[in-house]
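Enquirer: This structure is in structure tokens; I'll ask about it shortly.
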Amino acid sequence: MAELLTRISRPQRWDVPFGETMSEAEADRLCGIPPLSQIDPSRFPPTIPFRGVLANDTRLRRFERGDIIVREGDYGSSAFLILNGTVRVVLDSLPATLLGRRTRQKKGFLRSLAKLWSRPAYPEVRPYARRGGATELGGGALKARAGEGKEVRVFLQDVPRVLDENHTARLAAGEIFGEIAAMARTPRTATVIAEEAAELLEIRWQGLREIRRYSPQWKEQTDRLYRERSLGTHLRETPLLKNVSEEILQKVAEHTLFESYGDFEWNASYRTVREASAQERLAKEPVIAREGDYPNGLILIRSGFARLSRKYNHGERTVSYLGKGDVFGLSALLGGTGDNGAPGGLEFSLRAIGYLDILVIPTPIFEECIAPRFTPDEIADLRASVQRERQIDLGQDAEATFGPEMIEFLVEERYVNGTAAMLIDLDRCTRCDDCVRACAASHDNNPKFIRHGRQQNGVMFANACMHCVDPVCMIGCPTGAIHRDSLGGQVVINDLTCIGCATCANSCPYDNIQMVQIRDEAGLFVVDEATRTPIMKATKCDLCVDQLGGPACVRACPHDALIRADMQEVPQLARWLDR
């Protein structure tokens, strides 16, 4: 009787290196270049040797004068070490056309139609190449997928003019850049251009994490760069400081404090915290500023989320939440409600939700360098622009639909993290499952979400990837299989490099990533040839990044009961519920 299983070698972390195979000579050369030469290889465990990190988690990149290395706004998961040559960091925003921006290519109508006749007969099918009696991952389709995303160089035609007309900073051999976006899982904050022919070592997030873990000197250096560059960039982007002189900006930067609260890997403790009572959860959130206290400075939210709350009876009530780009304390600093026109006490308390990076401009510096610049009319406009620091204004009709209990729910359950959360209006939903069938039809018979999830006020938050602002599922992935799409920032999984370790599924705080047993094209289950255990792969919603018309689930709903919502757009969400 024929065996009804397909046996392969279980995928390993370094089956698919970051770049082309690095020779021993190249590895030796890199080990002699600072700051790599300062790393002690003996600190690395035998299972993750330093030379293994160099060979598999890095790649050599060469750029000519005028080549764009990274672009502001793109999502990146790697850092760059300059081996030789110089690069220029453009501190001003460049036009999209100059940066060679392109839109993602969607499947055309004919390709979408042809997909209906090419779907596999079984779910979770993966292509395999058979060689003799062995079966290996890497059939034609996967080989093609591995070749996707080959770099397309973007070249600036008039480099001297671009560099002369914009504020820039020069970086030379031995310096590192890109570590901010790689560590914080955020978009690139600046465009970097090769000023001359340059050779760079690109280190993907997984390698950067290992080097930081086992080399204290490297960690100290990257943390210093993270602080310095993050501080300067954020201050320049702050509306309050957009038109100040370089002298004032420098003085503000010298006195600004960079502070972090909470745990970078907050997902590890969240699963136990979410079962605690509301007061217990509130007690575990680090307090940044407390209601009634004197404002010690203007707080700028750099990344993460913060809870805005107010005393209510014997406890506290969540009023709103703040995210990247928001400020806290401006009303108190400009209000003049204290004695002799001095700042009054804070109206709300501020706590970190998960992990939070903030900048604090001390009150004396704010009063000396920032406050005198504004007229009374401008101060009134600034107060209006800080409406998120006050009771959230949804409008009378919407507030009845989207009340304070929903705000509390979004913060408690961390749904504020989502940029594309799947919300289902249970009053309109007829449980027809057209959304699930549409998802399966768009993904080779493999639905990417579960129509199930937590509920509040008649709204279900389905188990579908929310494409988070802070995707903590990416932190522990050993191969970088789960990553952000560089164009749109959607969180996607490279099936070829996924080794089925389930780290991302276990890390997702919302249970939105599933592990599935895969089959070959004949429908046979695939197992590890050594242990006979199933080969699993991670799967989740990819937001139909290559589909015409966007998410198929939304388009398929016949009752307008489903929406993919950015949880930062609370008023828009309230209007949808109150339609």
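Enquirer: Where the centroid of each part is defined by its Cα atoms, how far is the range 516-540 from the range 441-506 in Å?
Expert: Each part's Cα centre sits 19 Å from the other's.
Enquirer: Among the trypsin sites (Lys or Arg not before Pro) in the range 1-66, which ones are in a DSSP loop with at most 15 other Cβ atoms within 10 Å of the Cβ? Mind listing them?
Expert: Of the trypsin sites (Lys or Arg not before Pro), the ones in loops of the range 1-66 whose Cβ has at most 15 other Cβ atoms within 10 Å are 65.
Enquirer: Can you list the residues, at least 5 places off or on another chain, whose amide H is less than 5 Å from the amide H of residue 197, using H built in the peptide plane?
Expert: Close amide H contacts, sequence-distant or interchain: 65.
Enquirer: So for the pair residue 169, residue 24, with labels modelled 7 Å out along Cα→Cβ, what separation do we get in nm?
Expert: 4.1
Enquirer: Leaving ligands, DNA and RNA out of it, rank 433, 377 by accessible area with a 1.4 Å probe, largest first.
Expert: Most to least solvent-accessible, the answer reads 377, 433.
Enquirer: Which whole-Hz couplings ³J(HN,Hα) result when phi for each residue of the range 28-37 is put into the Karplus expression 6.51 cos²θ - 1.76 cosθ + 1.60, θ = phi - 60°, listed in order with x for Gly and Pro?
Expert: Coupling constants for the range 28-37: 4, 5, 5, 5, x, 9, x, x, 5, 5 Hz.
Enquirer: Nearest 0.05, what FRET efficiency do residue 275 and residue 196 give at R0 = 60 Å with Cβ-Cβ as r?
Expert: With R0 = 60 Å, the Cβ-Cβ based efficiency is 0.55.
Enquirer: Something else about it: Please turn the phi angles of the range 44-61 into ³J(HN,Hα) values with the Karplus equation 6.51 cos²θ - 1.76 cosθ + 1.60 (θ = phi - 60°), one per residue in order, whole Hz, x for glycine and proline.
Expert: 7, x, x, 6, 10, x, 4, 5, x, 5, 4, 6, 10, 10, 9, 8, 7, 10
Enquirer: With every protein chain present, what accessible area does residue 316 have (1.4 Å probe, heavy atoms only), rounded to the nearest 10 Å²?
Expert: 50
Enquirer: Additional query: Using the Cβ atoms and a cut-off under 11 Å, what net charge is assigned to the surroundings of residue 213, where Lys and Arg are +1 and Asp and Glu are -1? It would help to have the intermediate numbers written out before the result.
Expert: Working: positive: 43, 209, 212, 219; negative: 210.
For residues surrounding residue 213, the net value is +3.
Enquirer: Spin-label point model (7 Å from Cα, Cβ direction): what's the residue 219 to residue 40 distance in nm?
Expert: The two pseudo-label positions are separated by 1.3 nm.
Enquirer: Moving on. What number comes out for the charge environment of residue 464, summing +1 per Lys or Arg and -1 per Asp or Glu over other residues with Cβ under 12 Å away?
Expert: +2
Enquirer: Report the accessible area of residue 454, computed with a 1.4 Å probe over the heavy atoms of all protein chains in place, in Å² rounded to the nearest 10.
Expert: Surface accessible to solvent at residue 454 totals approximately 90 Å².
Enquirer: Still on this model: If Lys and Arg each add +1 and Asp and Glu each add -1, what is the summed charge of the other residues whose beta carbon sits under 12 Å from the beta carbon of residue 452?
Expert: Charge balance in the 12 Å sphere: +1.
Enquirer: By the gyration tensor of its Cα atoms, with a ≥ b ≥ c the square roots of the eigenvalues, what is the shape of the range 421-579: rounded for a/c under 1.5, prolate for a/b over b/c, or oblate?
Expert: Since a/c reaches 1.5 and a/b is larger than b/c, the shape of the range 421-579 is classed as prolate.
Enquirer: Of the trypsin sites (Lys or Arg not before Pro) in the range 511-566, which ones lie in a loop per DSSP and count no more than 14 other C-beta atoms within 10 Å?
Expert: Working: sites: 519, 532, 537, 540, 555, 564; in loops: 532, 540.
Those that pass, being in a loop and sparsely packed, are 532.
Enquirer: Only loop residues by DSSP count here, and only those with at most 16 other Cβ atoms within 10 Å; note down the chymotrypsin sites (Phe, Trp or Tyr not before Pro) in the range 430-511 that meet that.
Expert: none
Enquirer: While we're on this one: Given R₀ = 25 Å, FRET efficiency for residue 517-residue 433 by Cβ-Cβ distance, to 0.05? Don't jump to the answer; show the numbers that get you there.
Expert: Working: r = 22 Å, r/R0 = 0.89.
Efficiency for this residue pair is about 0.65.
Enquirer: Counting only residues 5 or more places away or on other chains, whose amide H sits under 5 Å from the amide H of residue 191 once H atoms are built in the peptide plane?
Expert: Correct list: 72, 90.
Enquirer: Heads up, I need the accessible area for residue 554: 1.4 angstrom probe, whole protein in place, Å², nearest 10.
Expert: 50
Enquirer: When the solvent-accessible surface of protein heavy atoms is calculated with a 1.4 angstrom probe, in what order do 575, 212 fall, highest first?
Expert: Final ranking, largest accessible area leading: 575, 212.
Enquirer: Gain in length, residue 10 to residue 259, computed as 0.36 nm per residue apart minus the alpha-carbon separation, to one decimal in nm?
Expert: My answer for the length gained is 85.4 nm.
Enquirer: Hey, can you grab everything whose amide H is under 5 Å from the amide H of residue 488? Only 5+ residues off in sequence or another chain; H modelled, so Pro and N-termini drop out.
Expert: Sorted by chain and number, the residues that satisfy this come to none at all.
Enquirer: With contacts defined as alpha carbon pairs under 8 Å and 6 or more residues apart, what's the relative contact order of the range 6-96 in percent? Don't skip to the end; give the middle numbers.
Expert: Working: 35 pairs, mean separation 29.6, N = 91.
Relative contact order here is 33 percent.
Enquirer: In terms of the Cα gyration tensor, with a ≥ b ≥ c the square roots of its eigenvalues, is the range 266-373 rounded because a/c is under 1.5, prolate because a/b exceeds b/c, or oblate?
Expert: Because a/c hits 1.5 or more and a/b fails to exceed b/c, the range 266-373 counts as oblate.
Enquirer: Quick one: what are the phi-derived ³J(HN,Hα) couplings along the range 569-578, Karplus 6.51/-1.76/1.60 with θ = phi - 60°, whole Hz, x for glycine and proline?
Expert: Once rounded to whole Hz, the list reads 9, 4, x, 5, 5, 5, 5, 5, 5, 9.
Enquirer: Same structure again: What does the extension gain come out to for residue 284 and residue 248, with contour length at 0.36 nm per residue minus their alpha carbon separation?
Expert: Values: separation 36, 0.36 × 36 = 12.96 nm, distance 3.78 nm.
Once the chain is fully extended between residue 284 and residue 248, it gains 9.2 nm.
Enquirer: Still on this structure, I have one more. Once label points are set 7 Å from the Cα along Cα→Cβ at both residue 291 and residue 313, what is their separation, rounded to one decimal in nm?
Expert: Once both label points are built, they end up 1.4 nm from each other.
The values are calculated or read from the model by the stated rules, or taken from the named source; none is laboratory data. Values in this document were obtained by computation on a predicted structure and should not be read as measured data. Neighbour counts run over all protein chains shown; Cβ positions are idealised from the backbone, glycine included. Please note that ligands, DNA and RNA were not included when accessible areas were found on the heavy atoms of the full protein model with its side chains. Shrake-Rupley method; radii C 1.70, N 1.55, O 1.52, S 1.80 Å.
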